[in-house]
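Shown next, in structure tokens, is the structure this report addresses.
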Amino acid sequence: MPYWLMKSEPDEFSIQNLERLGTSRWDGVRNYQARNFLRQMLEGDRFFFYHSSCATPGIAGIGSIQRTAYPDPTALDPDSPYRDARATEAKNPWSAVDVAFVERFDSTLTLARLKAEPALAQMPLVHKGNRLSVMPVSESEWRAILAMR
DNA sequence: GCCAACGTTGGC
DNA sequence: GCCAACGTTGGC
């Protein structure tokens, strides 16, 4: 089963929010490469929940895919900041998935620590300038990160 | 199809 | 708040 990493700004949606809710829609992805990864996700896949653009960026926990990709309703919602004027009901280019809470780490596994781990050197996440918000994680990377908790 | 300009991401 | 890096847009 594939593994993933997804970024969210905790001010918008955090692992604590997901823990409280249990499940949530993961929407608002507006990058084609990230969207294509969303579409590859299978029910039951697990992902690292990454907090970005905050005081302590890093992996804050784990979630799982509860529902595979479907058209992202926020693209059609005039009140949503993720609205895409080019999207229509018949032709919506964007996808969302539903996710479920799995685990919250005792403390955030910081980007600084991830960067310092040789086993993770291949991850796009630790490379300067990387902006991909949804990315695959190899099984060896997944295990290395779990061991760092 | 090239590429400059622009807007956004995200660490610091 | 700054700014480097990147993806997207649009003129040509």
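Of the candidates A:42, A:76, A:38, the single residue that is free of Cβ contacts under 8 Å to residues at least 60 places away in the same chain and either acidic (Asp, Glu) or surrounded by 15 or more Cβ atoms within 10 Å (Cβ to Cβ) (or both) is A:76. Residues of the range A:45-95 that are under 30 Å from residue A:147 (Cβ atoms) and hydroxyl-bearing (Ser, Thr, Tyr): A:50, A:52, A:53, A:56, A:64, A:68.
Scanning the range A:124-149 for residues that are free of Cβ contacts under 8 Å to residues at least 40 places away in the same chain and not in a helix (DSSP H, G or I), we see that the one that is farthest from DNA strand B (Cβ to nearest atom) is A:127. For the range A:29-88, a tally of residues being assigned to a loop (DSSP other than H, G, I, E, B) and within 14 Å of DNA strand C (Cβ to nearest atom) returns 15. The set of residues from the range A:119-140 being within 16 Å of the chain's Cα centre (by Cα) and either over 19 Å from residue A:65 (Cα atoms) or within 16 Å of DNA strand C (Cβ to nearest atom) (or both) comprises A:123, A:124, A:125, A:126, A:130, A:131, A:132, A:133, A:134, A:135, A:136. Quick check on the range A:1-23: of everything there that is in contact with an Asp or Glu (Cβ under 7 Å, 6 or more places away or on another chain) and in a strand (DSSP E or B), which residue is nearest to residue A:133 (Cα to Cα)? By that ranking, first place goes to A:4.
Within the range A:17-35, the only residue that satisfies the criterion of being surrounded by fewer than 16 Cβ atoms within 10 Å (Cβ to Cβ) and among the hydrophobic types (A, V, I, L, M, F, W, C) is A:21.
Selection of the range A:131-149 for residues being polar (S, T, N, Q) and under 13 Å from residue A:118 (Cα atoms) yields only A:140.
When residues in the range A:89-117 are screened for being surrounded by fewer than 11 Cβ atoms within 10 Å (Cβ to Cβ) and assigned to a strand (DSSP E or B), 2 of them pass.
Apart from one condition, residue A:118 fits all of (1) touching a helix residue (DSSP H, G or I) at 6+ places or on another chain (Cβ under 7 Å); (2) farther than 16 Å from residue A:50 by Cα; the exception is (1). Residue-level analysis places residue A:114 outside the set of residues that are more than 16 Å from DNA strand C (Cβ to nearest atom), over 15 Å from the mean Cα position of the chain (by Cα) and free of Cβ contacts under 8 Å to residues at least 24 places away in the same chain.
Note on the range A:91-107: residues that are farther than 15 Å from residue A:47 by Cα and more than 16 Å from DNA strand C (Cβ to nearest atom) amount to 2.
Every number in this text was worked out from the coordinates using simple rules, so none of it is lab data. Every value quoted in this text rests on a predicted model; they were computed, and no experiment measured them. Glycine also receives a Cβ, built like all others from the backbone with ideal geometry; neighbour counts cover every protein chain displayed.
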